[in-house]
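Read-outs: derived from the displayed coordinates by stated rules, not from any lab. It should be emphasised that the depicted structure is a prediction, and the values quoted were computed from it without experimental measurement. Cβ atoms come from the backbone with ideal geometry, glycine included; neighbour counts cover every protein chain shown.
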Amino acid sequence: MREHDPHHSHHLDVHNTQSRLYNEDLAPLKENERSWGWFEIFNVWSNDIQSLFGYTLAASLFLTYGLSGWWVMLAIIVAGFVVMLMVNLTGRPSVKYGIPFPVLIRASLGVNGANLPAVLRAIIGIFWYGVQTYFASTAVTILLNIIFGEVEGSFLGLTTTAWIAFIMVWLFQLMLFWFGIEPIKRFLNWAGPLVYVVMIVLMGMIWYQAGDALLPAIDSIFSADNNYDGSPFFAFTAIVGTMVAYFAAVVINFGDFSRFLRSERDMKLGNLIGLPINMAFFSFIALVITAGTLVLFNEAMTNPSDIVDRVDTLPLTIVAALTFFAATVGINMVANFIPPAYDLANLFPKHISFRKGGIITAIIAFFVGALWLSFISQIGIVGFVNAVGAVIAPFFGILVADYYLIKKQQLDVNELFNDSPTGTYYYHKGWNINAVIAFVLGGIFSIATVLVPALSKLEGYGFLLGAILGGFFYWLLMKKQS
């Protein structure tokens, strides 16, 4: 493969702009089109962690494994470091070449094979988009109930008010998306910090009400009545694994965001502040609030909307509901809307633009969100996160092994848009069979950790093991061939 200067990699030849693999949204971004700094990346993460689902997951982990609250908090911080290292690896090529994830993965899976991870990633994104839309609507439901009072009637487990809230949030997100990436960036930049203010106020109020009983409770309160029978070490590492799996989808397609960055330094700084440092702060807040609700109400409450409802101070309720709504919408745009829009555009670049991909995403996600409460959520939240992470885990390993070990950090960007059989990344009919085999081998194992009872002790590690195995098998097969 020929060496080339990455700074000239943006000049695609005319032949390729006519290619079926090309459209404006997938093309490399020029230096002058990149306006993101470390603060934007920090906000991608802070919105991801502070969403209502992120909080609910963190709170559930405090209650699931019977560890002291401080140990759970440490495990969440360790996960922050692991995720940071992983996104620094997947983000780097996109900072260098300005290309989104579906284009980058063509180098390892082939120009047609890239559709496999893109479609799986799109399905997962669309699913989460529906779920997070539902979570954001719970905050709006509280507001509507305050203003108009409860409305009678319910359908599929949602009250009339909840349905109105759900449709409002769904339309608001579609509108935000329609205005493009810059307004989304501005929205995130104020939503992220504001959520912290509200969470700190909520923590302060609960701490004040619980008084001296709170800090001693953190040590003992979570280990009382739970049925986890593994060793504390296993519990600790399973929490790390589950938190990493929560970020799985964003870890794999982090290039969809890092392509907007001015420099790799900005990426690394944003990831450091946004992941381990941010998670330390956030998990401490989640810890105090979860322990506080146990002390105050004798029940563990994991959805912040419910907690705000119980604390019963009208101004706080209104501000908190608006803020939770903002943060959840923020992460939804970042993690679950933009990637499927790119992924769907990658399937048929000549027919589906970024915008069309977004509309398809929104329509399918509407039904997912509508069915969340009555049907989908019954499956169990932690196992669900692990299963979803496990499916796409091997692609992380394949992408990293290919870029760093096989391609030695040199890609020919023109060739990523070349669909002729002589193209560098055409492999066999557009598919790199080695990558597909590595995906299947890694995927079978990682999904088994979730589905096979005998392997249930490994459930939290599904994503990490799948990623390592996928990368290892890919490296092995490619080495054999060369």
Nitroxide proxy distance, nm - points 7 Å out along Cα→Cβ at ILE437 and LEU215: 5.9
Just subtract the alpha-carbon distance of ILE167 and LEU455 from 0.36 nm times their residue separation and send over the number in nm, one decimal. 99.6 nm
Enter the angle in degrees (range 0 to 90, nearest 10) between the Cα long axis of helix 69-97 and the first principal axis of the Cα atoms of the chain, meaning the one along which they spread out most. 30
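Over the chain, calculate the relative contact order: mean separation of alpha carbon pairs under 8 Å at least 6 apart, over the residue count, as a percent.
Normalised by residue count, the contact order of the chain is 33 percent.
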What ranking, highest mean first, results for peptides 297-307, 256-266 when packing means the other Cβ atoms within 10 Å averaged over each residue? 256-266, 297-307
Inter-label distance for SER154 and SER374, nm, one decimal - labels placed 7 Å from Cα along Cα-to-Cβ: 1.1
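Anything over 23 Å Cα to Cα? Flag those among LYS268/LYS350; LYS30/LYS185; LYS185/LYS408; LYS350/LYS407; LYS268/LYS356, in the order listed.
Details: LYS268/LYS350 34 Å; LYS30/LYS185 19 Å; LYS185/LYS408 33 Å; LYS350/LYS407 29 Å; LYS268/LYS356 32 Å.
Beyond 23 Å between Cα atoms: LYS268/LYS350; LYS185/LYS408; LYS350/LYS407; LYS268/LYS356.
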Using Cβ contacts closer than 10 Å as the measure, can you line up SER283, SER231 from fewest to most? SER231, SER283
Mean separation of Cα contacts under 8 Å (at least 6 apart) over the residue count of the stretch 46-191, i.e. the relative contact order in percent, is 18
Can you tell me the orientation of helix 433-451 relative to the chain, as the angle in degrees between its alpha-carbon axis and the longest Cα principal axis, to the nearest 10? 20
Round to a whole angstrom and tell me the spacing of the C-alpha centers of the stretch 307-363 and the stretch 56-85. 25
Between ASN189 and PHE348, 0.36 nm times their residue separation minus their Cα-Cα distance comes to what? 54.0 nm
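In the chain, what is the volume of the convex hull around the alpha carbon atoms, normalised per residue and reported in Å³?
Details: hull volume 64.8 nm³, N = 482.
Residue-normalised Cα hull volume stands at 135 Å³.
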